[in-house]
Structures are given as C-alpha cells and as structure tokens.
1. Tally up the residues in the range 31-59 that are open to solvent by 60 Å² or more (accessible area, probe 1.4 Å) and either outside any strand (DSSP E or B) or hydroxyl-bearing (S, T, Y) (or both), please.
2. Do you know which residues across the range 50-73 are among the small types (G, A, S) and either in contact (Cβ under 8 Å) with a residue 40 or more places away in the chain or within 13 Å of H92 (Cα to Cα) (or both)?
3. Here are some conditions: (1) out of contact with any helix residue (DSSP H, G or I) (no Cβ under 9 Å at 6 or more places or on another chain); (2) modelled with pLDDT of 95 or more; (3) not aromatic (F, W, Y). R52 meets all but one. Which one does it not meet?
4. Among the residues of the range 1-24, which ones are assigned to a strand (DSSP E or B) and either open to solvent by 30 Å² or more (accessible area, probe 1.4 Å) or of a type in the set (V, I, T) (or both)?
5. Quick check on this structure: which one of I69, I13, I82 is in contact with a helix residue (DSSP H, G or I) (Cβ under 6 Å, 6 or more places away or on another chain) and β-branched (V, I, T)?
Amino acid sequence: MDLDKYFVKSDLIPAVVQEKSTGEVLMLAYMNRESMQKTLETGYTWFWSRSRGELWNKGATSGHYQKVIEVFADCDDDTLLITVEQTGAACHTGNHSCFFKKLK
C-alpha cells in the first residue's frame, strides 16, 4: 500500500484510537510513515512519540496493547480512526481512556 497520500500535508498524521466493542474514544496519537506501516503489518498500534522523537509500540512497556481491528482514513486522508481491542488501560495515567477530564 502506498502511504504517501496520507503524508502530503505533514510528516505526522493524527490517529484517533477507539475501542471497537464500546465505541469509546481511548486516545489521540500521531503516526509517521514508519509507525503506520508497522501498525498495518503487525496488527498492533505503533505511534511516533513527539516528545521522545522515536517510535513506540503501545503496550510494549505496560502490557496494555491495542490489537487493531480496522483502520479508516477520513475524507481528506489527513486523519486516521483506528478501532482496537484494548488490553488494560489506554492512558499512561492508568485510566481506561485518555479522555477522562470533564470540562463541562
């Protein structure tokens, strides 16, 4: 698969991760070409860490892996939606989802 069309606007593409069974949005992370390719090849999520400047396999340290069920691109090919089977917490804080801080 030619991934170039997803990286026309930027070297990174936002990836929204959603739990397949519940529809809950778990997290937002960024992918570069290499992490997107690894995700598609391995069936588990890989992202580009903007703070560390390196690839990371979600769950490699915590054991809280994300098994990829489906990957969708939006209509502009500049954002991904990845549905997963989440093992454990998706958030590094220990919360199931990174979206637990209600503002309103």
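The values are calculated or read from the model by the stated rules, or taken from the named source; none is laboratory data. Keep in mind the model is a prediction, meaning the values are calculated, not measured. Reconstructed Cβ throughout: ideal geometry from the backbone, glycine too, with neighbour counts over all protein chains shown. When the accessible area is computed, the model is the full protein with side chains, heavy atoms only, and any ligands, DNA or RNA have been set aside. Shrake-Rupley method; radii C 1.70, N 1.55, O 1.52, S 1.80 Å.
1. 11
2. Filtering the range 50-73 down to residues among the small types (G, A, S) leaves 51, 53, 59-60, 62-63, 73.
Across the range 50-73, the qualifying residues are G59, A60, S62, G63, A73.
3. Every listed condition holds for R52 apart from (2).
4. Looking only at the range 1-24, we keep the residues that are assigned to a strand (DSSP E or B), and these are 13-19.
Selection gives I13, P14, V16, V17, Q18.
5. Values: I69 fails: in contact with a helix residue (DSSP H, G or I) (Cβ under 6 Å, 6 or more places away or on another chain); I82 fails: in contact with a helix residue (DSSP H, G or I) (Cβ under 6 Å, 6 or more places away or on another chain).
Going through I69, I13, I82 in turn, the sole match is I13.
Table: residues versus (1) assigned to a loop (DSSP other than H, G, I, E, B); (2) open to solvent by less than 70 Å² (accessible area, probe 1.4 Å).
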| residue | (1), (2) |
| --- | --- |
| L26 | no, yes |
| G63 | yes, yes |
| V68 | no, yes |
| D76 | yes, no |
| T83 | no, yes |
| T93 | yes, no |
| C98 | yes, yes |
